[in-house]
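One structure is given below, encoded as structure tokens.
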Amino acid sequence: AQSVAQPEDQVNVAEGNPLTVKCTYSVSGNPYLFWYVQYPNRGLQFLLKYITGDNLVKGSYGFEAEFNKSQTSFHLKKPSALVSDSALYFCAVRVIATSGTYKYIFGTGTRLKVLA
Amino acid sequence: SAVISQKPSRDICQRGTSLTIQCQVDSQVTMMFWYRQQPGQSLTLIATANQGSEATYESGFVIDKFPISRPNLTFSTLTVSNMSPEDSSIYLCSVRRGGDEKLFFGSGTQLSVL
């Protein structure tokens, strides 16, 4: 089955330290991978995507993600965390539905807490 | 970016009643998705609603319980029928516009069923 997994329910990091939020995937064919963020009492926002090209993709708010085909991973990273980065982060993958169109499956989410 | 207006933002409903959630997009979109999210939890895809075709439902979701309409390229509704407390959740509409490989989300409808 095609899926995406986020093994950590919560990640705590001190402000100014680098952060990593993990994501692994299982899809057939070339993966289309995404990260979304959900701030408290706000809607989901797109952060970045990987479709093809460089394995390191850069996105909004200083975030980046590294695509690793051999490890089937797409970890989200940021060199220096801010308290304002505290939010719920979702990894997602585009898969082909039985109807032949596309659909997007989300991971279980990782709550990032940046401590001052 | 796409601006999505989702209504109502929240509602408290009685068991056995139905609620229709509306999603209006500021531009024409081909693909529209309806998700359900428990607060602080993951998103579960209910169905995909493409204009001009029947909605495609995910396993565990059926048309009788969650009928969807998609009358044009800017509008869709999701009805939660014969509600029970287990239907209490946040319901989100989402669109993918054109060839842009990213989703835009409405602000969600927080539903509580008593």
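The values are calculated or read from the model by the stated rules, or taken from the named source; none is laboratory data. All figures in this text were calculated on a predicted structure; none of them were measured in a lab. When the accessible area is computed, the model is the full protein with side chains, heavy atoms only, and any ligands, DNA or RNA have been set aside. Shrake-Rupley method; radii C 1.70, N 1.55, O 1.52, S 1.80 Å.
Heavy-atom accessible surface of residue B:30, to the nearest 10 Å², is about 90 Å², with a 1.4 Å probe and all protein chains retained. The phi torsions of the stretch B:60-76, fed into the Karplus equation with coefficients 6.51, -1.76 and 1.60 and a -60° offset, translate into couplings of x, 10, 10, 5, 5, 8, 10, x, 10, 10, 9, x, 8, 7, 10, 8, 8 Hz, rounded to whole numbers, with Gly and Pro shown as x.
Given the pairs A:22/A:49; A:77/A:113; A:78/A:103; A:22/A:69; A:58/B:102; A:49/A:103, which span a C-alpha to C-alpha distance of over 22 angstrom in this model?
Details: A:22/A:49 15 Å; A:77/A:113 14 Å; A:78/A:103 28 Å; A:22/A:69 14 Å; A:58/B:102 15 Å; A:49/A:103 15 Å.
Exceeds cut-off: A:78/A:103.
Under the classification rounded if a/c is under 1.5, otherwise prolate if a/b is larger than b/c and oblate if not, where does chain A fall, given a ≥ b ≥ c as square roots of the Cα gyration tensor eigenvalues? In terms of gyration-tensor shape, prolate. Protein heavy-atom surface of the protein assembly as shown, 1.4 angstrom probe: 48% of the accessible area is carbon and sulfur, with nucleic acids and ligands not counted.
Would you please classify the overall shape of the stretch B:21-102 from the alpha carbon gyration tensor, given that a ≥ b ≥ c denote the square roots of the eigenvalues, rounded means a/c under 1.5, and beyond that prolate means a/b larger than b/c while oblate covers the rest? It comes out prolate by the Cα gyration axes. Accessible-area loss of 40 Å² or more (1.4 Å probe, protein heavy atoms, chain alone versus all protein chains) is found in the stretch A:96-116 for A:102, A:103, A:104, A:106.
Ballpark to the nearest 100 Å², how much total accessible area do B and A bury together, probe 1.4 Å? Can you show the working numbers first?
Values: alone 6010 and 6470 Å², together 10820 Å².
Interface between B and A: roughly 1700 Å².
Would you mind getting the accessible area per residue of the stretch A:3-115, heavy atoms of the protein chains only, 1.4 Å probe, in Å²? List each step's numbers first, then the result.
Values: 5350 Å² over 113 residues.
I get 47 Å² per residue for the stretch A:3-115.
What the pair-distance distribution of the protein assembly as shown shows, using all Cα-Cα distances binned every 10 Å from zero, is 8, 32, 35, 20, 5, 0 percent.
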